[in-house]
Amino acid sequence: PIVSPPSTTTTTASKPPNQKKVSIKTRIGIDQHESLPFLLNYISNLHTNSNVTRFFIHARKVYTSGLNPAQNRFVPPLNYTRVYELCNTFPQCNFWLNGGIWDLKHARDIAFGDGVKFDCDGVGYIQDNNDPIKEKE
């Protein structure tokens, strides 16, 4: 099911002591809510009020009507730069890029080439036999 992120509401759940870490998988926008300030507010609320530090970010927005789930995986344009902006704004969090990555070579091109400089310590790296997944402590 598709759950719409709150635009101005605050998540109030907090992490009790000794509870396992929570991760969030979300997209960079929903319907007409696709601005950077909207996304920054959403991530800030989750991080500040619920102590979430691990985010899996699908680099596309989602349309809640007009597209089926399969179309939502391909039709909205990818925006990797938006994910990098999250990394720079929230260096204390781990952001794992999701969306449109077909293989390890493509992931490396996205992270280190094609005119986009990857400079976020907290993003997970795709794992193969020679490259362990790295994560900030």
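Restricting to region 22-44, give me the number of residues that are farther than 13 Å from residue 98 by Cβ, open to solvent by less than 20 Å² (accessible area, probe 1.4 Å) and either outside any helix (DSSP H, G or I) or at pLDDT below 95 (or both).
First pass over region 22-44, keeping only residues farther than 13 Å from residue 98 by Cβ: 22, 29-44.
Narrowing the set further to residues that are open to solvent by less than 20 Å² (accessible area, probe 1.4 Å) leaves 29-30, 39, 43.
If we keep only those that are either outside any helix (DSSP H, G or I) or at pLDDT below 95 (or both) as well, we get 29-30.
So the answer is 2.
So which residues in region 46-64 are of a type outside the set (A, V, I, L, M) and free of Cβ contacts under 8 Å to residues at least 40 places away in the same chain?
48, 49, 50, 51, 61, 63
Tell me which of these residue 78 doesn't satisfy, since it passes every other one: (1) free of Cβ contacts under 8 Å to residues at least 24 places away in the same chain; (2) assigned to a strand (DSSP E or B).
Going through (1) free of Cβ contacts under 8 Å to residues at least 24 places away in the same chain; (2) assigned to a strand (DSSP E or B) one by one, residue 78 breaks only (2).
For region 27-83, which residues satisfy the criterion of being of a type in the set (Ser, Thr, Tyr) and under 13 Å from the mean Cα position of the chain (by Cα)?
Listed by number, the residues that qualify are 42, 44, 53, 80, 81.
The values are calculated or read from the model by the stated rules, or taken from the named source; none is laboratory data. Since the model is a prediction, treat every value here as computed from it, not as a measurement. When we count neighbours, we look across all protein chains shown, and the Cβ atoms used for this are built from the backbone with ideal geometry, even at glycine. Calculation scope for accessible area: heavy atoms of the full protein, side chains included, ligands and nucleic acids excluded. Shrake-Rupley method; radii C 1.70, N 1.55, O 1.52, S 1.80 Å.
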